[in-house]
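The values are calculated or read from the model by the stated rules, or taken from the named source; none is laboratory data. Only a predicted model underlies this, so the values are computations on that prediction, with no experimental measurement involved. Backbone-built Cβ (ideal geometry, glycine too); neighbour counts: all protein chains shown.
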Amino acid sequence: MVPVTSERPDPSPGPRSQPSSRPRSGTARRSLSGAARGVRAAGRGARVAGRGAGTAGHYAVSQARRAARAEGAGDSGLSRLIELHAFNAAGDAAVAISLAGTLFFQVPTGEARGQVALFLGLTMLPFAIVAPLIGPFLDRFSHGRRWAVGATMAIRCFLCWVLATAVVTESGWLFPAALGCLVASKAYGVTRAAAVPRLLPPDLTLVKANARVSLAGVVGAGISAPLAILASTFGPEWSLRYGFVVFVLATIWAIRLPDKVDASQGEGELVLTGESDTSTTRPRGRRPRTRIPAAVAFALRANCGPRWLSGFLTMFMAFLLRDNPIGEWRPEVLLGLVIGAAGLGNTLGITIGSVLKRLNPAVTVVLALVADVAVAALAAMFYGLVTLVLLGLTAGLAQSLAKLSLDSTIQRDVPGRIQASAFARSDTTLQLAWVIGGFVGIAMPLMPQLGLGIAAAVLGAWAAFVLVSRPGSTAPART
């Protein structure tokens, strides 16, 4: 037998492996330890940043809610409407940011203008017929306005989801859904205007209440815009899904409005023409009718000019800057600058209306209209980025001050029992002026000097008509 010899392996590795194995394992351990410390430090930093952001956000929200509840607005329920309007503006901002990259900048210009003009034209006629009936219809039925406001939010909630699918699949529902969002937004403006007088606290004037509601909209849009832009980096459908969530919350907020939003006891109806109804033998159940005061009619006519210009610039500039950019600027950036200037002007107007104690409404509406005419003519003669930004700033400022002046005139000259009807009527008229201006902006040839020149001429003619029809006395009418 051959003896079996057990050979024990050499415990010491060769000269090449021994010097390198231990240092490498030590380096790896140190690297892993350093990475772990870095991860823990990053985690601690993220928690600290998260707590700081949460604290800052909680402070901002608490301060905003405190401001919304000031001067009796919390007790009267106006604060809920202020918060609702912030949600409304936040959702509208998300839709606008998403459509800025789809509706105007991805579809061929000719096709986009044709479809938008078609649907805007189809929308204008039924809106003109139905809108004057909204106020009286809601006044006759209990719980009308809360559910009407909630319906405008729920409709946009549904349409945001439809739009999110349409922008991905390039569906034919893109333009109808976009126009539906626009109409629902305008309908919300009418119903909100009728709700504000019902929630007015004793220590707050109607002009300041409307200014506070409008300012909440500016804040809501300012907070929502960066979030919508962040969501749109993953695709335009994500900013629309974000808008869907915002409008879901807005629908809930609308339903939570106070019950007195629906109250219509003791109110009358404002008519634009015809004799006022002062008969003591009025049939039972018929609402008292009052003719619109001359000062209110004058302020309303003057407001139609700035509102028409707003609709015109929204549509005309969206297509003009796409096909005729200025210099090396991107169309999206140019449109953002013009819209941003208009938003800044609107905020300045709201601030001025909130700060100034005395504001002559009749003079303000005329100055706003004349300023629009002058700056539109200036932009037509010296077309460029500076004049366009100035035009946007002036248009926003004029529209804001003119609307606050109209609100003040209604508060002064319209009896309290029919102020809600007056606001519904005036907002309906202004929304129609916006739609007409938008339709003209779509139909206008994409020639900057020609388009802006025609706009200035139209506004100039309207200003002349308004001045000619100015009443000789602004004394309140007897009712």
Odd one out for residue 310, checked against (1) farther than 20 Å from residue 453 by Cβ; (2) touching a residue at least 60 places away in the same chain (Cβ under 8 Å): (1)
Some residue of the range 404-414 being farther than 21 Å from residue 325 by Cα, surrounded by fewer than 22 Cβ atoms within 10 Å (Cβ to Cβ) and among the basic types (Lys, Arg): yes
Residue check, residue 233 farther than 30 Å from residue 439 by Cβ and not assigned by TED's automatic domain parsing to the domain that holds residue 407: yes
Tabulated pairs, the range 365-392, first outside the structural domain of residue 462 (by TED's automatic domain parsing) and within 15 Å of residue 321 (Cβ to Cβ), second buried (at least 16 other Cβ atoms within 10 Å of the Cβ) and hydroxyl-bearing (Ser, Thr, Tyr), C-beta under 6 angstrom, 6+ apart or interchain: none
